[in-house]
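A.B. asks: The structure's right below; bear with me while I get my questions together.
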Amino acid sequence: MLAGMDLGGSKIEALLMDQEGDELLCIRQPTPTGDYDATLQAIHNLHHELESHADRQLKLGIGTPGSPSPETGLMRNANSTCLNGQPLQQDLEQLLERPVRMANDADCFTLSEAVDGAASDADIVFGVIIGTGTGGGICVHGQLLLGPNAITGEWGHNPLPWPRPEELPGPACYCEKHGCIETFLSGP
Ligand SMILES: [Zn+2]
């Protein structure tokens, strides 16, 4: 069996699948907004529920906003800003006492759609998530492009193209710039 989680800005979704990829159990709960320790605890509790249902130990794969810095392992660029600067993967491995695989949520989504989803017949895939933030990923011939900073395909913190005068300088963004696409185009 396989256990996976989507850590979002408003909810955490936990999924248990069999080897064929069929869904056995899906649990959703609100994300404890702005509270890093409570977020760790929520993931821990959900993982425990999946294991109880599966009646065995399960490794965990998790999609997160932002990504760990390849240099330091600390999270950055997450619109759930309480994650930024934290060693999320390390903390989860310590808490769950097992290896945890972690990747950017938009990259997970893009790879999934490119392999056996809506874009499985395309060579080059740009996957877009518009949720709490505005994320993206790029897949070429079934392989994710990561880039040196692991942010390939992220388009939410570019300026809004062709702004009208009244849209300048644009709303303040958590990334400390103004008028990012994400401040116009995300769920909030
Ligand atoms: Zn921004």
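The values are calculated or read from the model by the stated rules, or taken from the named source; none is laboratory data. Everything numeric in this text was worked out from a predicted model, so none of it was measured. Heads up, the Cβs are rebuilt from the backbone with ideal geometry, glycines too, and the neighbour counts pull from every protein chain shown. Accessible surface is based on the protein model in full, side chains and every heavy atom, while ligands, DNA and RNA are left aside. Shrake-Rupley method; radii C 1.70, N 1.55, O 1.52, S 1.80 Å.
A.B. asks: Which one of these does M102 not meet: (1) touching a Pro at 6+ places or on another chain (Cβ under 9 Å); (2) of a type in the set (A, V, I, L, M, F, W, C); (3) part of a loop (DSSP other than H, G, I, E, B)?
C.D. replies: (3)
A.B. asks: N158 fails exactly one of the following numbered conditions: (1) within 14 Å of the ligand (Cβ to nearest atom); (2) within 29 Å of H44 (Cα to Cα); (3) open to solvent by 20 Å² or more (accessible area, probe 1.4 Å). What is the number of that condition?
C.D. replies: (2)
A.B. asks: Give just the number: which of (1) under 27 Å from C139 (Cα atoms); (2) touching a Ser or Thr at 6+ places or on another chain (Cβ under 6 Å) does L16 not satisfy?
C.D. replies: That leaves (2) as the condition not met.
A.B. asks: Those residues that are part of a loop (DSSP other than H, G, I, E, B), farther than 20 Å from Q89 by Cα and β-branched (V, I, T), I need them from region 1-47; list them, please.
C.D. replies: Answer for region 1-47, where residues must be part of a loop (DSSP other than H, G, I, E, B), farther than 20 Å from Q89 by Cα and β-branched (V, I, T): there is none.
A.B. asks: Another question, if that's okay. Looking only at region 89-133, which residues are under 20 Å from I12 (Cβ atoms), touching a strand residue (DSSP E or B) at 6+ places or on another chain (Cβ under 8 Å) and open to solvent by less than 20 Å² (accessible area, probe 1.4 Å)?
C.D. replies: L92, L96, V100, N104, A106, D107
A.B. asks: G21: within 14 Å of the chain's Cα centre (by Cα), in the same structural domain as L83 (by TED's automatic domain parsing) and not charged (D, E, K, R), yes or no?
C.D. replies: Working: within 14 Å of the chain's Cα centre (by Cα): no; in the same structural domain as L83 (by TED's automatic domain parsing): yes; not charged (D, E, K, R): yes.
For G21, the condition - within 14 Å of the chain's Cα centre (by Cα), in the same structural domain as L83 (by TED's automatic domain parsing) and not charged (D, E, K, R) - is not met.
A.B. asks: Go through region 33-55 and count every residue that is at pLDDT below 95 and either at positive phi or not β-branched (V, I, T) (or both).
C.D. replies: So in region 33-55, the residues at pLDDT below 95 come out as 33-34.
Now restrict to residues that are either at positive phi or not β-branched (V, I, T) (or both): 34.
Total satisfying the criteria: 1.
A.B. asks: Scanning region 162-177 for residues that are open to solvent by 70 Å² or more (accessible area, probe 1.4 Å) and assigned to a loop (DSSP other than H, G, I, E, B), which turns out nearest to P65 (Cα to Cα)? Step through it out loud before you land on a result.
C.D. replies: Step one: of region 162-177, the residues open to solvent by 70 Å² or more (accessible area, probe 1.4 Å) are 162, 164-166, 168-169, 172, 174, 176-177.
So of that shortlist, the ones also assigned to a loop (DSSP other than H, G, I, E, B) come out as 162, 164, 168-169, 174, 176-177.
On the way: W162: 27, R164: 30, L168: 27, P169: 26, Y174: 14, E176: 17, K177: 19 Å.
Taking the candidates together, the pick is Y174.
Every residue, every condition in (1) in the same structural domain as R98 (by TED's automatic domain parsing); (2) open to solvent by less than 40 Å² (accessible area, probe 1.4 Å); (3) not β-branched (V, I, T), yes or no:
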residue: L7; (1), (2), (3): yes, yes, yes
residue: E13; (1), (2), (3): yes, no, yes
residue: I27; (1), (2), (3): yes, yes, no
residue: T31; (1), (2), (3): yes, yes, no
residue: H47; (1), (2), (3): yes, yes, yes
residue: Q57; (1), (2), (3): yes, no, yes
residue: S80; (1), (2), (3): yes, yes, yes
